[in-house]
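The values are calculated or read from the model by the stated rules, or taken from the named source; none is laboratory data. As the structure is a computational prediction, the values presented were derived from the model and not from experiment. Heads up, the Cβs are rebuilt from the backbone with ideal geometry, glycines too, and the neighbour counts pull from every protein chain shown. The area values use the complete protein model at the heavy-atom level, side chains included, leaving out ligands, DNA and RNA. Shrake-Rupley method; radii C 1.70, N 1.55, O 1.52, S 1.80 Å.
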Amino acid sequence: MSTPVTRERAESRDEVAWPEVVRLAARGVALILAVPHDSLPHVVHWGPDPGPLSDDELRAVVAAAVPPRATNGVDSAVVVSVLPEARTGWTGTPGLSGHRAGAGWSPWLRPERVDVVAGLGGGGRVDVLAADPEAGLQVGVLVEMLPTGVVRMQAHVTNTASGPYAVERLDLALPVPTRADGLWDLAGRWAKERVVQHRPFTVGTHLREGRHGRTGADAATLLVAGTPDLGFAEGEAWGLHVAFSGNHRVAAERVFSGERHLLGGELLLPGEVELQEGETYRSPKLFAVYGAGLDGMAARLHSHLRARPHHPRTPRPVVMNVWEAVYFDHDLQRLLDLAELAADVGVERFVLDDGWFSSRRDDTSGLGDWVVADAVWGQGRFRTLVDAVKGRGMQFGLWLEPEMVNLDSDVARAHPDWILQLPGRMPVDFRHQQVLDLSHPEAFASVRDQILALVREYGIDYVKWDHNRDLIDAGSTRTGRAGVHGQTLAAYRLLDEIRAGAPGLEIESCSSGGARIDLEMIEHTDRVWASDCIDARERQQIQRWTAQLLPPELVGSHVGAGRAHTTGRELDLGFRAATALFGHFGVEWDLTAASPAERSELAAWIRFYKEVRSLVHTGTVVRRDVEHGDLWVHGAVAPDQRDALFAVTLRERHVTWPAGRVPIPGLRRDLTYRVSAAGPGADAPYDERVHPTWWATGIELSGAVLADVGVHVPALDPDHSALLRIEAMPR
Ligand code: GLA
């Protein structure tokens, strides 16, 4: 049962008309918020749920949180609200930064209306509308505890006075406890996304700014403060994610008085947001996740995503994407051959990548002209490919880059003012392209209508939606102002209008590979392309850490050629396929150049993927490092814990050999399981030099023994995986 409490601010300040302290709790996580009558709410506790507390006990928690005035400082306790205010004496980063021609720069925001919905462990929310009439500002802060224990927050600011108010920053902050002594986040670059970095949580600010005008291959993704023992299963983790696909910032800040906060929001460019009277700026949503270990945190995020009504629930079809097979060489016969071979090995969705439209024969021209290139295909022959694909029972997918133009395109020649730019100055070229100003209504309508026309004419089932450059000097000719904020929101609108206009269409978010992966983009799309690097060794790392945010069914993963195009590394098909298996499986390989034996091995892997995809795509992700990280364990455990698939991968040759017994965690301790070699690789003849004795027959062990004692696994060569299927025995 939830108790909604909505109160207007009482006439007298002394009359507090809403609960002073609120506990929002779900799935073992609690937020205890003080909701004072004269300031924005502040978080007294975010972390493990202490359980239901009476009003008196809640008040005692707040009282216990008031520090001694140990330093030579402000004469009252400095309270740091979810939108920290400098007027309190707070010397960390203030949440709202802005001014009205130099005035109104340090507001005192007092609540005018407070909505509290506090359930008994099922989540809840605190929604506060506060104002500073002198500064002419109204600010709203919404803090929600979702049923999965994920905290979602958003703020907005409205200019309530005459004259413009310039918004520079609207960040929200959450405190983390003193025991969160280390910081963990991700970095990366093109084709090497999501690389882990660690540092101690020292005094100062660890600030991760994204200034690419897109999420960025180097995005922090999650900025995590953790206990010193933080690992997949160990320690506690508090993480913050800024759900925004434009410029953004996320920071971990520790100040002289000991407080530690995670904070973040959009990164606004100078003058980008100026509110006229009555106008409102809304921050991106922030997701704050507490978890037991990194796996606990990932599991919480995955259950949040999987609970969405629009989460993809149909079996994720096997994809063939032709990019690394043909690049720009769109020869119809070659594509028809590929489609046939694709269907033969079991592909269910055929995706035609870049190069099919207008003058696009390489990456220097044609972007923005979304019409089939008759010059290449011959009148009506594009239809031949679509029909052949559909005729073989496959869906047809198409690559598009709707937010971009080449200057060498009809659209750029006809409408140079539709390009984001500065007066008299085009931004530097980036992959020979520029950005279409989607905040321009005609540009927006033109691209939307071209795409919808194509999708309807050819019955396109799937769009790979690319975004291959940073937004640099991205000014709008319409407003004369920086346009990244407007562009980012317009891109979401464009995606939504296209999805509404083409029901059933699925969209993949790609951005030079994995440079647009965030929780807002995933609200408007159905999967992400994790990286342009499909070298399985690299993909092991990229997918391991993309999984920190997204479950595997949302992450595209393809089997590439034997020699990886981005790294030159040669890897066996078994390893390439076992790697792709733990995502949304696809093939990106010129099958006309593959041998019949390779194609039949690939077909076996595709059959296996179809067998296990419902398990992998609903299962709990379990990760472990064994032998100091030389051996990686990765598993998907069914929600009822009666079935699991694990991969054991040798990353590096270890100093001792064979590896010690490998623990298989995440199962029910009281059940007995049958553990057997799985996947097409399991058909290899038994070899006592490689395989443990149980390998040929399988073995029965309890979940407790699997977790605490473990099993020997095959003595793998580096860059090889062994797969284990673990099924509960009938009682
Ligand atoms: C980007 C994508 C690739 C491919 C090319 C096409 O780099 O990440 O997968 O689609 O564009 O130009």
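What whole number of Å gives the distance from the Cα centroid of the stretch 505-551 to the Cα centroid of the stretch 615-647?
Cα centroid to Cα centroid, the span is 19 Å.
So what's the chain giving for Rg/Rh, alpha carbon basis, Kirkwood Rh from the mean inverse pair distance?
Across the chain, the Cα-based Rg/Rh ratio is 0.99.
Output the antiparallel fraction of DSSP beta bridges having both residues in the chain, as a percent to the nearest 5. Provide the component values of the computation, followed by the final result.
Details: 143 of 170 bridges.
Bridges in the chain that DSSP calls antiparallel: roughly 85 percent.
If the convex hull of the alpha-carbon atoms of the stretch 159-277 is projected onto planes in all directions, what is the mean projected area in square nanometres?
8.9 nm²
So how strong a dipole does the stretch 370-409 carry about its Cα centre when Lys and Arg Cβ are +1 and Asp and Glu Cβ are -1, to the nearest 20 debye? Intermediate values should be presented prior to the final figure.
Details: 4 positive and 5 negative charges, 75 e Å.
Dipole of the stretch 370-409, to the nearest 20 debye: 360 debye.
Residues in the stretch 650-666 near a label at Trp694, defined as backbone nitrogen under 18 Å from the 7 Å Cα→Cβ point?
658-666
How much of the pair distance distribution for the stretch 425-505 lies past 21 Å, counting alpha-carbon pairs only, in percent?
On the way: 1111 of 3240 pairs.
Percent of Cα pairs beyond 21 Å in the stretch 425-505: 34.
Please provide three numbers in whole Å: the alpha-carbon extents of the stretch 377-431 along the principal axes, with the largest listed first.
On the principal axes, the stretch 377-431 reaches 51, 21, 16 Å in Cα extent.
From the square roots a ≥ b ≥ c of the eigenvalues of the alpha-carbon gyration tensor of the stretch 556-625, which class results: rounded (a/c under 1.5), prolate (a/b over b/c), or oblate?
It comes out oblate by the Cα gyration axes.
Taking +1 at the Cβ of each Lys and Arg and -1 at the Cβ of each Asp and Glu, which of Ala502, His467, Thr479 sits farthest along the dipole of the stretch 464-509 towards its positive end, judged by Cα position relative to the Cα centre?
Thr479
Counting only Cα, what are the radius of gyration and maximum Cα-Cα distance Dmax of the stretch 292-415, in Å?
When restricted to the Cα atoms of the stretch 292-415, Rg and Dmax are 18.5, 59 Å.
Accessible area of Arg493, 1.4 Å probe, to the nearest 10 Å²?
Arg493 has an accessible surface of roughly 120 Å² with all protein chains in place.
Report relative contact order for the stretch 16-149 in percent, whole number only (criteria: Cα-Cα under 8 Å, sequence separation at least 6).
25 percent
With +1 on each Lys and Arg Cβ and -1 on each Asp and Glu Cβ, how big is the dipole of the stretch 326-472 about its Cα centre, in debye rounded to the nearest 20?
Here the stretch 326-472 has a charge dipole of around 180 debye.
Does the stretch 76-117 come out rounded, prolate or oblate, given a ≥ b ≥ c as the square roots of the eigenvalues of its C-alpha gyration tensor, rounded meaning a/c under 1.5 and, failing that, prolate meaning a/b above b/c? Don't skip to the answer; put the middle values down first.
On the way: a/c = 2.17, a/b = 1.26, b/c = 1.72.
It comes out oblate by the Cα gyration axes.
Using a 1.4 Å probe and ignoring any ligands, DNA or RNA, find the accessible area of Ile472 and quote it in Å² to the nearest 10.
Near enough 60 Å² of accessible area.
If we restrict to alpha carbons, what Rg and Dmax does the stretch 321-391 come to, in Å?
Rg then Dmax for the stretch 321-391, in Å: 12.0, 35.
Using the heavy atoms of the protein chains alone and a 1.4 angstrom probe, what is the accessible area of the stretch 141-191 per residue in square angstrom?
Accessible area per residue, the stretch 141-191: 31 Å².
Rounded, prolate or oblate: which fits the stretch 365-409 when a ≥ b ≥ c are the square roots of the eigenvalues of the alpha-carbon gyration tensor, with rounded for a/c under 1.5 and prolate only if a/b beats b/c?
oblate
For Thr567 and Thr91, what does the FRET efficiency come to when R0 = 41 Å and r is the distance between their Cβ atoms, rounded to the nearest 0.05?
0.30
Three principal axis extents, largest first, for the C-alpha atoms of the stretch 204-330, in Å?
61, 48, 31
Pulled fully out, how much extra length does the chain show between Asp670 and Asp417, if you take 0.36 nm times their separation in residues and subtract their Cα-Cα distance?
Length gained, Asp670 through Asp417: 84.4 nm.
Roughly how big is the stretch 269-373's charge dipole about its Cα centre, with Cβ charges of +1 (Lys, Arg) and -1 (Asp, Glu), in debye to the nearest 20?
800 debye
Quick one: what does P(r) look like for the stretch 611-731 with 5 Å bins over all Cα pairs, in whole %?
2, 12, 23, 25, 21, 13, 4, 1, 0
Show me the ranking of peptides 69-78, 640-649 by mean Cβ neighbours inside 10 Å, starting with the highest. Kindly include the intermediate steps, with their values, before the conclusion.
Working: 69-78: 11.2, 640-649: 20.7.
Ranking the peptides 69-78, 640-649 by packing returns 640-649, 69-78.
Report relative contact order for the stretch 91-220 in percent, whole number only (criteria: Cα-Cα under 8 Å, sequence separation at least 6).
Relative contact order of the stretch 91-220: 19 percent.
Taking only the alpha carbons of the stretch 125-180, what extent do you get along each of the three principal axes, in Å, biggest first?
Here the spans come out as 44, 25, 16 Å, largest first.
Compute the Rg to Rh ratio over the stretch 370-478 from the alpha carbon atoms, using the Kirkwood formula for Rh, and round to two decimal places.
1.04
Among His212, Gly104, Trp190, whose Cα projects farthest towards the positive end of the dipole of the chain, with charges put on the beta-carbon of Lys, Arg (+1) and Asp, Glu (-1)?
It is Trp190.
Calculate, in whole percent, how much of the Cα-Cα pair population of the stretch 228-293 lies beyond 15 Å.
Every Cα pair in the stretch 228-293 considered, those over 15 Å come to 66 percent.
Would you calculate, for the chain, the mean residue ellipticity at 222 nm contributed by helices, counting each DSSP H stretch of 4 or more residues as -39,500 (n - 2.57) and dividing by all residues, to the nearest 500?
Values: 14 runs with 148 residues, N = 731.
After summing the helix terms and dividing by the residues of the chain, the value is -6000 deg cm²/dmol.
Gln333 to Thr656: FRET efficiency via 1/(1 + (r/R0)^6), r the Cβ-Cβ distance, R0 45 Å, to the nearest 0.05? Can you show the working numbers first?
On the way: r = 54 Å, r/R0 = 1.20.
Computed FRET efficiency for Gln333 and Thr656 comes out at 0.25.
At 1.4 Å probe radius, can you tell me the per residue accessible area of the stretch 194-315 in Å²?
34 Å²
Would you mind estimating how fast the stretch 597-668 diffuses translationally, via Stokes-Einstein at 37 °C and 0.692 mPa s with the Kirkwood radius over Cα pairs, in µm²/s? Before the final figure, lay out each step's value.
Working: Rh = 13.7 Å.
The calculation lands on 239 µm²/s.
As a test of the definition: which semi-axes, in Å, follow for the stretch 319-361 when you take the square root of five times each eigenvalue of its alpha carbon gyration tensor? Largest first, please.
The equivalent ellipsoid of the stretch 319-361 has semi-axes of 19, 10, 8 Å.
Calculate the FRET efficiency for Ala60 and Met729 from the Cβ-Cβ distance with a Förster distance of 56 Å, rounded to the nearest 0.05.
On the way: r = 50 Å, r/R0 = 0.89.
Efficiency for this residue pair is about 0.65.
For the stretch 466-594, compute Rh as the Kirkwood radius over C-alpha pairs and then the Stokes-Einstein diffusion coefficient at 10 °C and 1.306 mPa s; write the answer in µm²/s, rounded to an integer.
Answer, rounded: 98 µm²/s.
Considering only Thr202, Val242, Val455, whose Cα is most displaced toward the positive end of the charge dipole of the chain, charges sitting on Cβ of Lys, Arg (+1) and Asp, Glu (-1)?
Projecting each Cα onto the dipole axis, the largest value belongs to Thr202.
If I model the stretch 73-164 as equal point scatterers sitting on the Cα atoms and use the Debye formula, what is log10 I(q)/I(0) at q = 0.19, 0.23 Å⁻¹?
Values returned for q = 0.19, 0.23 Å⁻¹ are -0.94, -1.16.
Once you have the Cα-Cα distance between Thr280 and Arg361, take 0.36 nm times their residue separation minus that, and quote the gain in nm to one decimal.
Working: separation 81, 0.36 × 81 = 29.16 nm, distance 4.43 nm.
Stretched out fully, the Thr280 to Arg361 stretch lengthens by 24.7 nm.
When the solvent-accessible surface of protein heavy atoms is calculated with a 1.4 angstrom probe, in what order do Lys464, Lys285 fall, highest first?
Result, largest first: Lys285, Lys464.
For His691, His99, give me the order by solvent-accessible area with a 1.4 Å probe, most accessible first, ignoring ligands, DNA and RNA.
His99, His691
Give me the percent of accessible area attributable to carbon and sulfur for the chain, probe 1.4 angstrom.
Numbers: 14020 of 27330 Å².
Carbon and sulfur atoms account for 51 percent of the accessible area of the chain.
How many percent of Cα pairs in the stretch 191-240 exceed 18 Å?
So the portion of pairs separated by more than 18 Å is 39 percent.
Just the number, please: percent antiparallel of the DSSP beta bridges in the stretch 314-460, rounded to the nearest 5.
Once the DSSP bridges in the stretch 314-460 are tallied, antiparallel ones form about 45 percent.
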